[in-house]
Each structure stands twice: as C-alpha cells, then as structure tokens.
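The values are calculated or read from the model by the stated rules, or taken from the named source; none is laboratory data. The structure presented is a predicted model; accordingly, all values stated were derived computationally and were not measured. In this analysis, Cβ positions are derived from the backbone assuming ideal geometry, glycine residues included, and neighbour counts consider all displayed protein chains. Accessible surface is based on the protein model in full, side chains and every heavy atom, while ligands, DNA and RNA are left aside. Shrake-Rupley method; radii C 1.70, N 1.55, O 1.52, S 1.80 Å.
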Amino acid sequence: AKRLKKIDFLFLKNLYYFRCLTIHQSWDLCYRLVGIDIKTFIRKRIVPFSKLELLSIEHNGKDYALQIKNKGIEILQYTGSLNNDFFDIETKKLRTGILKEGAIRLQPKFMNHQIHLNQFVIDFNKLYRKQKEYFVENYTYFDEKFMSKYTFIRPDGMISLNKLDLFLEMDMGTESKKQLIDKWTNYRMAINSSQIKTEDAKIIVLFILDCPKAKLQTRK
C-alpha cells in the first residue's frame, strides 16, 4: 500500500463503488486527468494489479471489465478510504461497514448493464464539471448497492444534488412492455407515498435508454 500513489487509491475506490468498470472508463476517470496515457496505465497498473490480485479482468465485448478483489478492498480499508452505509437486501436493514468482494461482484450477464449505467454517471460528471459555476454544492452518486436513503424502492443508482435526488434506471431495451409498465407503476406509487413526502429532496426518475437507434423511438 505504501508504494501506491494517490491516484491508485482513487482508481481502486472507483472500482469498489462503481462495482465494475472497463479499462477505458477507469483510465478516463483517473489516470487521463493526471497525464498518464492508456497504454502506460495498462502496463504499469492493470497488469501488476492483476498479478497482485487487487483486481480481476474479464473480457466484455470490445473492452475488458475490471472488478476489485478482496486484497484491493483490504488496502482501501487499511488506509481508511472506505466508509459507507448500505442496505442489506437479505435482512432488509441498513448496515454500516465494508463489503467484501463476494457482495459487490457482478455476474458476467449483469456486467454490460452496469458498465452502461456507469458510463452515464461518468458523462454526467464531465458535464457537471463544465457547468460547475451554476451549482452551489457537489453531487454524490450512489450505486444501488450503497444507497441507504431509500429502502423501499431500489433504482439502479442515484445522483443526489442540492435537494434533488435523481433515480437512475438503465434500460437496455430488453424488458417487456408489461415489465416497464409495472416498474413505472411502482415508481409512481413510491413517489406518492407518505415516506417520500417526508423527505426534503425532490425526486426525478430518469429512464436512460441505450438500445439500437432503429428501436429507440419505439422504446420511448
């Protein structure tokens, strides 16, 4: 851990909270900003970190998906980089602590959905930085796994900004019309519930469409 640089801790921290990032996303979030090119990033970070079992690499389409392993989590825990509440789906209770690899690791069939959701957040972050003078405070992003504010409804992710909570629903064009209607109905019921009305923040649900252009208009 002593040989890691500040940017390396940020990289591992992003892998923990985003749960799954491609090589390009990881580079774009961290190392590009400090002038390290992507080839150097792969040679001097990805390869040795993989050998040290800090992260795992799995092929995903045109890129490779990275996920943090227990040794990487232990380094972050040792340096005090992690501290969060999370909602335990099994016990239906809020907990405070550090999740291990098994709790945040994604199965291959869910990786593509997660990568596209994370890309939306990365793009949002770029736009936010460009328009920073219009905002009075920073935003906070929560993946579903780490979202503790709302326990009775679980969007894919949430961006919390200046008394505004944006619920993110990543739609890959695979759910049926009935599934979409059921999801829409559940959100409407949740937002109109007494539990939501006691919150200070306004809620907006964003359905993020990511499907072939030929199907996009129909999906809308």
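So here's what we get for this one:
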read-out	value
Leading residue at positive end of dipole, the chain (Cβ point charges), from Asn70, Gln114, Phe49	Phe49
Inter-part distance where the stretch 48-101 and the stretch 116-188 are each reduced to a Cα centre, Å	21 Å
Degrees separating the helix 6-18 axis from the principal Cα axis of the chain, which is the longest one	40 degrees
Mean separation of Cα contacts under 8 Å, 6 or more apart, over the residue count of the stretch 1-129: relative contact order %	27 percent
Only Lys, Arg (+1) and Asp, Glu (-1) charged, at Cβ; the chain dipole about Cα centre in debye	480 debye
Helix-only [θ]222 nm of the chain, DSSP H runs n ≥ 4, -39500 (n - 2.57) each, per residue, nearest 500	-11500 deg cm²/dmol
Total charge dipole magnitude, the stretch 17-131, about the Cα centre, Cβ charges on Lys, Arg, Asp, Glu only, Debye to nearest 20	200 debye
Distance in nm between pseudo-label sites at Lys126 and Glu53 (7 Å out along the Cβ direction from Cα)	3.7 nm
(i) 21.7, 63; (ii) 18.3, 53; (iii) 18.0, 57, with the label sought being that of the calculated Rg and Dmax of the Cα atoms in Å	(ii)
Surface share of carbon and sulfur [accessible, 1.4 angstrom probe, percent] for the chain	53 percent
Highest average packing first - 40-51, 13-24, Cβ atoms within 10 Å	13-24, 40-51
Förster-model FRET efficiency, 30 Å R0, Lys71 and Ile7, C-beta, rounded to 0.05	0.95
Extension gain, Asp200 back to Asn84 (0.36 nm per residue minus Cα-Cα distance, nm)	39.6 nm
Rounded tilt (10° steps) of 177-191 against the dominant C-alpha axis of the chain	80 degrees
Val34/Lys183 FRET efficiency (R0 41 Å; Cβ-Cβ; nearest 0.05)	0.55
Counting DSSP beta bridges with both ends in the stretch 65-220, the antiparallel % (nearest 5)	60 percent
For the stretch 97-220: relative contact order, % (alpha-carbon pairs under 8 angstrom, 6 or more apart)	22 percent
